[in-house]
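Please treat every number below as a calculation from the coordinates, not as lab data. Model, not experiment: these values are computed from the prediction. Cβ coordinates were reconstructed from backbone atoms using ideal geometry, including for glycine residues, and neighbour counts include every protein chain displayed.
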């Protein structure tokens, strides 16, 4: 296959590119380095089947030759990022989705959209099934990401219904692993960075809010399965193993052997109180489930941050 990955120098996109190259496919990556990094794809640049182009995905995209699949993964994806780049986040979800869907339509390529569990907002239902419509504050500080992805899903389904584009929508739940940035702003890299430096580990609120952490290799397997499935409606891809933020902080402190103390800061606006995927659809339709236990994944991620 010949596969395009937008945002391919980012955390998830670089793992996707590496995965498909390892399967013998040709991979083209687009990234403008707002939040991605050349270091994430440095090991791929010399690969004969890898092509990189620095580009903003909201501009016109030209890819000579055939394309079999388009993975649209270009977007700031953490609270720190979309607080710093709110307009770019909205444009990646709106204009970027429009441009990449148009490309997929022209090339008759399959299209995989990186949506997010954030479309559920601060959910009133847990675990969250794909049928849940969400509880989102559209004008809050997180709304630029939540609504960008909700719009992207609507646009993808419009192209599917109107132009028969083979669309796949992955609602990605909290994913972690090597190549996360230490200043990412998300819980796992924050806690690991602070723990390794023996600095106070910052937990928001009382740490009772929950997250369900999926190791990146499990996520990539799920995305590969989604690409080859007939499903066009959204599919949750994540790990239903739910933990409180405080539990995750304590686990990381123990695994790093840190002398850090845990401190508590005020809860950010619209921070979700619960996050847990209902993955019955993924299990049934994709024959997929996560395999990497939290402790194993955290050890691999800590080793990466130590390096």
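Quick notes on this structure:
- Across the range 287-307, no residue has a backbone nitrogen under 19 Å from the label position 7 Å along the beta-carbon direction of residue 271.
- Each Cα pair under 8 Å and six or more residues apart adds its separation to the average, and for the chain the resulting relative contact order is 18 percent.
- A Cα-only calculation for the range 1-128 places Rg and Dmax at 14.8, 49 Å.
- Put simply, when 211-219, 105-113, 297-305, 158-166 are sorted by average Cβ atoms within 10 angstrom per residue, most first, you get 211-219, 105-113, 297-305, 158-166.
- Proxy reagent accessibility, fewest Cβ within 10 Å first, across 126, 115, 131, 233: 131, 233, 126, 115
- Every helix of 4 or more DSSP H residues in the chain counts as -39500 (n - 2.57), and over all residues that averages to -11500 deg cm²/dmol at 222 nm.
- Dividing the C-alpha radius of gyration of the range 166-304 by 2.2 N^0.38 Å, with N its residue count, gives 1.11.
- Per-residue Cβ neighbour rank within 10 angstrom, fewest leading, 12, 267, 90, 124: 124, 267, 90, 12
- Taking a ≥ b ≥ c as the square roots of the eigenvalues of the alpha carbon gyration tensor, the range 8-47 is prolate, as a/c is not under 1.5 and a/b beats b/c.
- Difference of contour (0.36 nm per residue) and Cα-Cα distance, residue 87 to residue 243: 52.9 nm
- Residue among 236, 174, 32 with the largest mean-square fluctuation in a Gaussian network model of the chain, springs linking Cα atoms under 10 Å: 32
- Full extension of the chain segment joining residue 259 with residue 54 gains 69.6 nm, where the gain is 0.36 nm per residue of separation less the Cα-Cα distance.
- Shape category assigned to the range 27-85 from the gyration tensor of Cα positions, a/c cut at 1.5: oblate
- Multiplying the residue separation of residue 163 and residue 183 by 0.36 nm and removing their Cα-Cα distance gives an extension gain of 3.2 nm.
- C-alpha long axis of helix 294-306 to longest principal axis of the chain, angle in °: 90
- Of all the options 22, 205, 13, the one that moves most in a Gaussian network model of the chain with Cα springs shorter than 10 angstrom is 22.
- If both residues of a DSSP beta bridge must be in the chain, then about 10% of such bridges are antiparallel.
- Anisotropy class assigned to the range 204-250 is prolate, per the alpha carbon gyration tensor with a/c at or over the 1.5 cut-off and a/b larger than b/c.
- Pairwise centroid distance, computed over Cα atoms, of the range 62-88 with the range 1-31, Å: 13
- Stokes-Einstein translational diffusion, the range 126-244 - Kirkwood Rh over all Cα pairs, 1.002 mPa s, 20 °C, in µm²/s: 129
- Using a Förster distance of 22 Å, the FRET efficiency for residue 95-residue 37 (Cβ separation, nearest 0.05): 0.45
- C-alpha center-to-center spacing [the range 218-242, the range 147-205] in angstrom: 14
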